[in-house]
1. Which ones in segment 155-184 are farther than 15 Å from A115 by Cβ and of a type in the set (K, R)?
2. Might you check whether a residue that is among the charged types (D, E, K, R), out of contact with any Lys or Arg (no Cβ under 9 Å at 6 or more places or on another chain) and under 30 Å from L230 (Cα atoms) occurs anywhere in segment 103-122?
3. Give segment 183-199 a look and list any residue that's under 22 Å from L151 (Cα atoms), crowded, with 18+ Cβ neighbours inside 10 Å and not polar (S, T, N, Q), or say none.
4. Can you tell me which of L289, L279, L202 is in the same structural domain as T174 (by TED's automatic domain parsing) and surrounded by 19 or more Cβ atoms within 10 Å (Cβ to Cβ)?
5. Out of the residues in segment 93-111 that are hydrophobic (A, V, I, L, M, F, W, C) and exposed (fewer than 13 other Cβ atoms within 10 Å of the Cβ), state the one that is modelled with the highest pLDDT.
6. Among the residues of segment 3-30, write down those that are within 23 Å of A244 (Cα to Cα), more than 14 Å from the chain's Cα centre (by Cα) and either of a type outside the set (G, A, S) or not assigned by TED's automatic domain parsing to the domain that holds S231 (or both).
7. Tell me, please, whether a residue that is at pLDDT 95 or above and hydroxyl-bearing (S, T, Y) can be found in segment 129-147.
Amino acid sequence: MAEATRTPLVDALGGLLIVDKDGGMTSHDVVSRARKVLRTRKIGHAGTLDPMATGVLVLGVERATKMLGLLTLTTKTYTATIRLGSSTVTDDAEGEVLSTTSAAHVTDAEIASGAAELTGDILQVPATVSAIKVDGERAYARARAGEEVRLAARPVTVSRFDILARRDIDTGTTRFVDLDVAVDCSSGTYIRALARDLGEKLGVGGHLTALRRTRVGPFTLDHARTLTQLSDDPTLNLDIDAAARLAFPHRTITDTEAHSLRDGRWLDPTGIAGVYAALTADGRAIALLEEKGKRAAPVLVVRPRGLLD
């Protein structure tokens, strides 16, 4: 039976699926697998992870796909491994090696100093093979076509750049230094660019050899499941009510206010900043609201009249 005609395994409201992505998969690959497992095409993802990376990827299912663009996913946490002594064209282990230099002489103090210089509000030049668009085309597509791509530096915030461990690697021909690191950063920060820039500051080059996202916004690995686990138990991590409670501030509304919101009408404001959830006393999400002037107006009616009535 064709996928489009199969009965979905979730209701029309859906919710969020927090995936612990395996390495070697694109974010689109994850969405494709989830669609097959849950028997629905109404699945999208919030943000992406490079194929090499593993860890937290947020997917919306059914009506909750409309919630994805409203999620506050501006802070992220990663663990990674940086190799000092080698730079690559992609700033990670998947790219062609550009240069190799012994890094054995680099001291822990110099590494700590370099990481400190890359912490805080900084200007970062993204990797050439990033998904940033240049004249309407992805930078990675232009780079792979042989074009010389120059990307402008962008402001990002690195709240934490901690060196967790150092390993000196002697290959017989070159002595590398591998660093296990933890990074808290703003959305738009490229961890492989941090690896590249740390190597440049230390004069030996550097690139990323491993990357794992452990948190995006309020969602952590504690919420996540692998695709294998999803296949064994094809259910959502968070239904739409649990997702609204976790991802947004909220206010409790009366039955009368719920009826108004379900018809798309607005409520009186209460002074809550940003997008927030309007929940009934029993915890059902009715709408996501945003206050402007004298109105708390719906930016998404989660349960419009007629849906699942």
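1. R167, R175, listed by residue number.
2. Within segment 103-122, none of the residues are among the charged types (D, E, K, R), out of contact with any Lys or Arg (no Cβ under 9 Å at 6 or more places or on another chain) and under 30 Å from L230 (Cα atoms).
3. C185, Y190, I191, R192, A193, L194, A195, R196, D197, L198, G199
4. L202
5. Step by step, filter segment 93-111, then rank; the result is A109.
6. If the condition is that a residue be within 23 Å of A244 (Cα to Cα), more than 14 Å from the chain's Cα centre (by Cα) and either of a type outside the set (G, A, S) or not assigned by TED's automatic domain parsing to the domain that holds S231 (or both), then P8, L9, V10, D11, L13 are the ones that fit.
7. No - not one qualifying residue is present in segment 129-147.
So that you can scan it fast, the table gives a plain yes or no per residue for (1) farther than 17 Å from A116 by Cα; (2) over 20 Å from the mean Cα position of the chain (by Cα); (3) not polar (S, T, N, Q):
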{"position": "S186", "(1), (2), (3)": "no, no, no"}
{"position": "Y190", "(1), (2), (3)": "no, no, yes"}
{"position": "G199", "(1), (2), (3)": "no, yes, yes"}
{"position": "R225", "(1), (2), (3)": "yes, no, yes"}
{"position": "D232", "(1), (2), (3)": "yes, yes, yes"}
{"position": "R245", "(1), (2), (3)": "yes, no, yes"}
{"position": "F248", "(1), (2), (3)": "yes, no, yes"}
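The values are calculated or read from the model by the stated rules, or taken from the named source; none is laboratory data. The model shown is predicted, which means the values in this text are computed figures rather than measured ones. Using ideal geometry, Cβ is built from the backbone for each residue, glycine included, and neighbour counts are taken over all protein chains shown.
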